[in-house]
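Quick notes on the structure that follows.
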Amino acid sequence: MPTVNVEYVGCTALVYCNAGENLGRTIVKNYDKAENLITLQAFPKELNIGDICRLLVLTEPVPRECYGKVKSDVGEKVVALFKWQEKEKRGASRFKVNFSAFIEEMIYNNKSYELLKPYEINLINISTGGMRFYAVPNTVSHDDRFQIRIYLNTDVKVLTAHIVNNRQTAPDRIEYGCRFIDKKRE
């Protein structure tokens with residue numbers, strides 16, 4: 001019986017063609033670590049057997065990126081993975097996204113404080129090491145640390161991030177660049 005890493009099962013996967021075009025999102029149904037195969041449900045029709053694709057699997061505490069080739073297309077799509085990108089490196093692939101998320105807890109002096117009303121933010125892109133989002137002014141500040149909840153389909157992911165830069169792009173819009181914090185490695 002193949003070894004299954006349940007860490008990925010049930011997670012949302014953002015699917016991109018090899019050129020970087022966002023094709024949609026789906027759920028990981030199975031991951032066979034021994035064979036390095038990932039099974040996805042409701043896969044984009046734009047990809048066919050033999051096509052190369054990129055996946056960003058929203059795992060906690062940080063997302064994981066992989067490349068693979070579509071191997072099977074019978075009901076579900078099976079992708080034979082080339083490799084996982086396990087750690088952040090300068091210039092990590094950025095995946096364009098366009099969905100909302102919520103900051104529900106702020107972290108000060110290593111203590112979490114739940115917000116009475118979550119801040120809604122809009123994700124612009126996400127990578128294995130961080131994300132860029134925009135929010136209305138005075139929502140968060142440079143150097144803030146927080147927990148973000150992303151609600152996708154039936155999947156909810158909690159990621160911890162640290163704002164490392166920001167820029168005002170319009171009078172009522174500030175973009176924030178963050179790196180993910182892996183508490184196990186701090």
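The values are calculated or read from the model by the stated rules, or taken from the named source; none is laboratory data. Keep in mind that what you see is a predicted model, and the values were worked out from it rather than measured. Virtual Cβ from ideal backbone geometry, glycine too; neighbours counted across all protein chains shown.
Any residue that is among the acidic types (Asp, Glu), out of contact with any Phe, Trp or Tyr (no Cβ under 7 Å at 6 or more places or on another chain) and at pLDDT 85 or above - is there at least one of those in the range 143-160?
Yes, the range 143-160 contains a residue that is among the acidic types (Asp, Glu), out of contact with any Phe, Trp or Tyr (no Cβ under 7 Å at 6 or more places or on another chain) and at pLDDT 85 or above.
Filter the range 101-142 down to the residues that are closer than 19 Å to ARG179 by Cβ and β-branched (Val, Ile, Thr), then identify the one that is modelled with the lowest pLDDT.
So, considering only residues that are closer than 19 Å to ARG179 by Cβ and β-branched (Val, Ile, Thr), the one modelled with the lowest pLDDT is THR139.
Sort out which residues of the range 30-57 are in contact with an Asp or Glu (Cβ under 6 Å, 6 or more places away or on another chain) and not hydrophobic (A, V, I, L, M, F, W, C), and write them in order of number.
THR39, GLN41 - these are the residues of the range 30-57 that are in contact with an Asp or Glu (Cβ under 6 Å, 6 or more places away or on another chain) and not hydrophobic (A, V, I, L, M, F, W, C).
Please go through the range 115-167 and pick out each residue that is in a loop (DSSP other than H, G, I, E, B) and touching a residue at least 40 places away in the same chain (Cβ under 8 Å).
Answer for the range 115-167, where residues must be in a loop (DSSP other than H, G, I, E, B) and touching a residue at least 40 places away in the same chain (Cβ under 8 Å): SER127, THR128, GLY129, ASN153, THR154.
Could you list, in sequence order, the residues of the range 33-59 that are under 21 Å from GLY129 (Cα atoms), in contact with a strand residue (DSSP E or B) (Cβ under 6 Å, 6 or more places away or on another chain) and not in a strand (DSSP E or B)?
Residue satisfying the conditions is LEU58 alone.
Considering only the range 9-32, how many residues are at pLDDT below 85 and part of a loop (DSSP other than H, G, I, E, B)?
Final tally of qualifying residues: 4.
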